[in-house]
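Read the figures in this text as sums done on the coordinates, not as results from a lab. Please read these numbers as outputs of a predicted model, since none were measured by experiment. Note that we place each Cβ from the backbone using ideal geometry, even for glycine, and neighbour counts take in every protein chain shown.
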Amino acid sequence: MADKLRAQQQLEALQARYVGIGSADTTKHEWTSNIARDSLSSYIGHPPLLQYMSIGLGQSREQTRLQLLERMIRPVGPPPEVSSDEAETSETSETPETSETSANSETTETPETTQNSD
């Protein structure tokens with residue numbers, strides 16, 4: 001019994017210390033996003049690896065670094081849509097990231113192209 005309690009306490013301590021560890025409530029999208037962000041930050045944080053990548057891409061280190069930083073915003077794409085059945089059974093509240101995404105997708109307007117009559 002004490003071993004289970006100690007293991008649970010150690011897990012909680014690790015989860016509090018390292019956000020990317022996840023929990024039972026972590027979705028597949030959150031998990032893959034954390035892994036991708038960790039990888040991208042490692043590439044940026046190790047100058048020889050960043051130099052190797054920039055040579056392969058044929059651009060400067062700074063351009064490669066900025067490109068990797070931009071990819072960290074949404075490393076695995078937008079979060080998956082929640083169906084109405086799952087929304088009714090789920091008791092968790094929406095995260096700010098998903099509420100912003102749904103609000104932006106509803107109000108996005110496409111620019112109209114104008115044609116010259118001449």
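Residues checked against (1) over 30 Å from residue 27 (Cβ atoms); (2) within 22 Å of the chain's Cα centre (by Cα); (3) among the β-branched types (Val, Ile, Thr):
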| residue | (1), (2), (3) |
| --- | --- |
| 54 | yes, no, no |
| 57 | yes, no, no |
| 63 | yes, yes, no |
| 67 | no, yes, no |
| 73 | no, yes, yes |
| 79 | no, yes, no |
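Filter segment 4-57 for residues that are among the hydroxyl-bearing types (Ser, Thr, Tyr) and not in a loop (DSSP other than H, G, I, E, B); which is farthest from residue 74 (Cα to Cα)? Step by step, filter segment 4-57, then rank; the result is 52. When residues of segment 30-57 are filtered for being touching a residue at least 40 places away in the same chain (Cβ under 8 Å) and exposed (fewer than 15 other Cβ atoms within 10 Å of the Cβ), how many remain? Result for segment 30-57: 1. Residue pairs whose Cβ atoms lie under 7 Å apart, sitting 6 or more positions apart in sequence or on different chains, and linking a residue in segment 2-29 that is free of Cβ contacts under 8 Å to residues at least 40 places away in the same chain to a partner that is exposed (fewer than 10 other Cβ atoms within 10 Å of the Cβ), are 15/23. The set of residues in segment 58-81 that are surrounded by 12 or more Cβ atoms within 10 Å (Cβ to Cβ) and part of a helix (DSSP H, G or I) comprises 61, 63, 64, 65, 66, 67, 68, 69, 71.
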